[in-house]
Structures are given as C-alpha cells and as structure tokens.
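Data first, discussion second: the structure below is written as structure tokens.
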Amino acid sequence: MTLPGLFISFEGIDGAGKSTHLDALARAFRAQGRAVTLTREPGGTPLAEKLRTLVLNDPMDAMTEALLVFAARRDHLQQVIEPALARGDVVLCDRFTDATFAYQGGGRGFDLEILCYLEQLVQSVKLADGDFVRQPELTLWFDLAPDVAAVRLVGARMPDKFEAQPVTFFARVRAGYQTRYDADPQRFARIAAEQTREAVWQNVLISVRQRGWLA
Ligand code: TMP
C-alpha cells in the first residue's frame, strides 16, 4: 500500500541552523522505508534556481522580489512538489511561503494582502476531489533571536543580499514568522533554536513523531 505524500517545510531567519536538520530528517524517513524528496526555495527546478540567483543577488524592489519568489514557487510546485506528493514521497522543503510573508512581508514591508492573494493563486491545486490551496502539513520554525543569529553568521560564508541585512531587518522577519504562526499554530512546530544542535534535533524528532509520521 502506498502511503500518502507528506509535505514538511523548514523555516527561520538566516543563521537559525535549520539546514543540518533537513538532511538528518531525510535520513530518518529513509531509514523507515519512505522515499524522500529534499528540495528548497527559492529553487528546486532549473528555472527556479535561476530565479533564486536573481533574488539573492540583484537589487530590486519588494514587489519584484515577491513576484519572482512566487514565480519560482509555481514552477517548483508543478515540476517537483506535486508529482512527489502524488507518488507518496515525503517532501522536505528548505523554506516555503512563510518565508515570503516573513522576508518580503515582514522584512521588506510588502503588502500582506497581496501576498495572500498570490499564495491562493500560485498554490491552488486541482485534484479529482476538488481544488485546494497547497500548504505544508507541518512547518518546523527554527526560532532564534536575531542578535544570536548574527553572531552565528559572522564568517560563515560570503553573505548574500539577505544575509547582509542588519539585525533590525531580521527582527522584522522574525515578527513576520510570528504572525504566520499566530494565524495557524497547528501547522507549526516552533523550535527554540538557541539550544544545542542535539537538543534542537530531539525537538524536530518529537514534533514529527507526535504526528505519527515517524516511529
Ligand atoms: P536560504 O539561504 O535559507 O537557502 O534562503 C535563501 C534566502 O532567500 C533567505 O535569506 C531567505 C530568502 N527568501 C525570501 O526572501 N523569500 C522567500 O520566499 C524565500 C523562499 C526565501
């Protein structure tokens, strides 16, 4: 019997440390016999990766940024995420639409109503039993104070356009995540990311096991 697909996104401000746990969670699912699609946003398809390079490096206004990340998302959903979920894969996605609300909405101050409209438009899926708006079943929010994240990012690598932003920008991004969390807390597991890597990992495991998705 094929298990239904499962969509989990990973979110948090730059420097929150989410990416190491993506690989570990993929291994945990694979160890239990699940096929895993590991992907990221912006990106995940050849076209979306090109858009990622533009968004992360080229100066542009907030609306252009929002339109490009949603264009990348549309391609990613159609080419990768929807087919993987239809096959019954576990899709682990490094960032999804909450990042747009946090970065373009919170950080850059772009209109949240327009983001809501784009979310409905871009993530609409037509299935045999009707239309709906695709969302992750679970979003792991690695929550970290921006000043702690800034210390972690120092010397990590050449900062991109977002990583080079000041702490005040990331305070607004974090508030953007908080607003999304408050609107739909059941979808989220908020993980205190200032803990040790092992403690954070245990929290990731608990969040997934609580939902009955890992033994
Ligand atoms: P990453 O470094 O975690 O791969 O994320 C790429 C950067 O892109 C990160 O700084 C957040 C930003 N971003 C947005 O601004 N809007 C979005 O919709 C997404 C998905 C990412």
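The values are calculated or read from the model by the stated rules, or taken from the named source; none is laboratory data. All of these numbers come straight from a predicted model, not from anything done at the bench. Because the Cβ atoms are built from the backbone with ideal geometry, glycine has one as well, and the counts that use them run over all protein chains shown. Surface accessibility is based on the protein's heavy atoms, side chains included, excluding ligands, DNA and RNA. Shrake-Rupley method; radii C 1.70, N 1.55, O 1.52, S 1.80 Å.
Of the residues making up the stretch 69-84, those that are more than 11 Å from residue 118 (Cβ to Cβ) and either over 16 Å from the mean Cα position of the chain (by Cα) or more than 11 Å from the ligand (Cβ to nearest atom) (or both) number 9.
For the stretch 85-103, the set of residues classified as assigned to a helix (DSSP H, G or I) and either more than 16 Å from the ligand (Cβ to nearest atom) or charged (D, E, K, R) (or both) consists of 85, 86, 87, 98, listed by residue number.
Summed over the stretch 1-36, the residues that are closer than 16 Å to residue 211 by Cβ and of a type in the set (D, E, K, R) give a count of 1. Residues in the stretch 140-164 that are within 12 Å of the ligand (Cβ to nearest atom) and either surrounded by 17 or more Cβ atoms within 10 Å (Cβ to Cβ) or not in a loop (DSSP other than H, G, I, E, B) (or both): 5 in all. Quick check on the stretch 188-198. Is at least one of its residues of a type outside the set (D, E, K, R), open to solvent by 60 Å² or more (accessible area, probe 1.4 Å) and assigned to a loop (DSSP other than H, G, I, E, B)? Yes: the stretch 188-198 contains one or more residues that are of a type outside the set (D, E, K, R), open to solvent by 60 Å² or more (accessible area, probe 1.4 Å) and assigned to a loop (DSSP other than H, G, I, E, B). Being near the ligand (Cβ under 9 Å from one of its atoms) and free of Cβ contacts under 8 Å to residues at least 60 places away in the same chain is the requirement here; does residue 49 meet it? When the stated conditions are applied, residue 49 does not pass them. Taken as a whole, the structure leaves residue 77 outside the set of residues that are open to solvent by less than 40 Å² (accessible area, probe 1.4 Å), over 21 Å from residue 133 (Cβ atoms) and not aromatic (Phe, Trp, Tyr).
Restricting to the stretch 85-102, name every residue that is among the small types (Gly, Ala, Ser) and crowded, with 20+ Cβ neighbours inside 10 Å. Scanning the stretch 85-102 gives 99, 102.
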